[in-house]
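Since the structure comes first, as structure tokens, the remarks are kept for the end.
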């Protein structure tokens, strides 16, 4: 009889906790949908990605946040020094080209190394999965403790199942989240606190881009022309420029066509969104 009674009590507790959790998740999602992050101010926003061009999908959002007085931190894992089909290209030259292209693209959106923080970890393109994971995790953990971001924008690692990305994208997604978790606990990489005075820090807001499960949209229609101009700067990445580098200037004729198409779509009432999976919880477990 006691066993039955105890089982019943435990079941009641479990159901109560489950319903409370579901209610909390629902409340969080509801708040997220109503939260216009473009109205944020005086916050620190960290973007983390593998290559110089991966920022492109977030530049509208980051630009709106920057214009409203938020601090922007940009972090690239690699130099992007391998992805060219031009047989006369070298890794050293390509790394410099990609750096310049990325800075030009960001500058179109008002984000520059002079006014914001650009961090380049300097790893080889395509080789991120072969770098010791502890080394990568420690570097991201340190950056989070140093800059203490209110929100982190990073590639989506997936929810219940791992989301498939190509090699650097996949590693970037998981390492960024692992580094954020580690940053919350002082016993992970204690040298940060001992040697630099960097205290533990918990990130509580994530915006996952390159996601297959978007649940949060940012309307960047007003910046869509700028986004097109920004994308045009990645001359070595896309189209003919990847086969044979023809930069540094974008193809002006192609740019005019894209701007004209965009104007026609907007005139019809179409909107341009940057889409994310948003997670508002500590992830520190």
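Readers should treat all values here as calculations from the given coordinates under stated rules, not as data from a laboratory. What you see is a predicted model, and the numbers here were worked out from it, not measured in a lab. Glycine also receives a Cβ, built like all others from the backbone with ideal geometry; neighbour counts cover every protein chain displayed.
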Quiz item: Rounded to the nearest 500, what is the chain's calculated 222 nm mean residue ellipticity when only DSSP H runs of at least 4 contribute -39500 (n - 2.57) each, over all residues?
Solution: -14500 deg cm²/dmol
Exercise. Please determine, in degrees from 0 to 90 and to the nearest 10, the orientation of helix 91-108 with respect to the longest principal axis defined by the Cα atoms of the chain, where the helix direction is its Cα long axis.
Key: 80 degrees
Quiz item: Does anyone have the angle between helix 252-267 and the longest principal axis of the chain? Alpha-carbon axes, 0 to 90°, nearest 10?
Solution: 50 degrees
Quiz item: If you bin every alpha carbon distance in the chain into 10 Å steps from zero, what whole percent lands in each bin?
Solution: 6, 24, 32, 22, 9, 4, 2, 1, 0
Practice problem: Arrange 233, 164 by Cβ neighbour counts within 10 Å, fewest through most, would you? | Solution: 164, 233
Exercise. Return the single residue from 269, 80, 239 with maximal mean-square fluctuation; model: Gaussian network over the chain, springs between Cα atoms under 10 Å.
Key: 269
Quiz item: Hey, in the GNM for the chain with a 10 angstrom Cα cutoff, which one of 101, 253, 129 fluctuates hardest?
Solution: 253
Practice problem: Compare 160, 176, 117 in a GNM of the chain, Cα atoms joined below 10 Å, and give the one with the largest fluctuation. | Solution: 160
Quiz prompt | Cα→Cβ-extended label distance, 7 Å offset, between residue 243 and residue 159, nm | solution = 4.1 nm
Quiz item: Looking at the chain, what % of its DSSP beta bridges pair antiparallel, to the nearest 5?
Solution: 30 percent
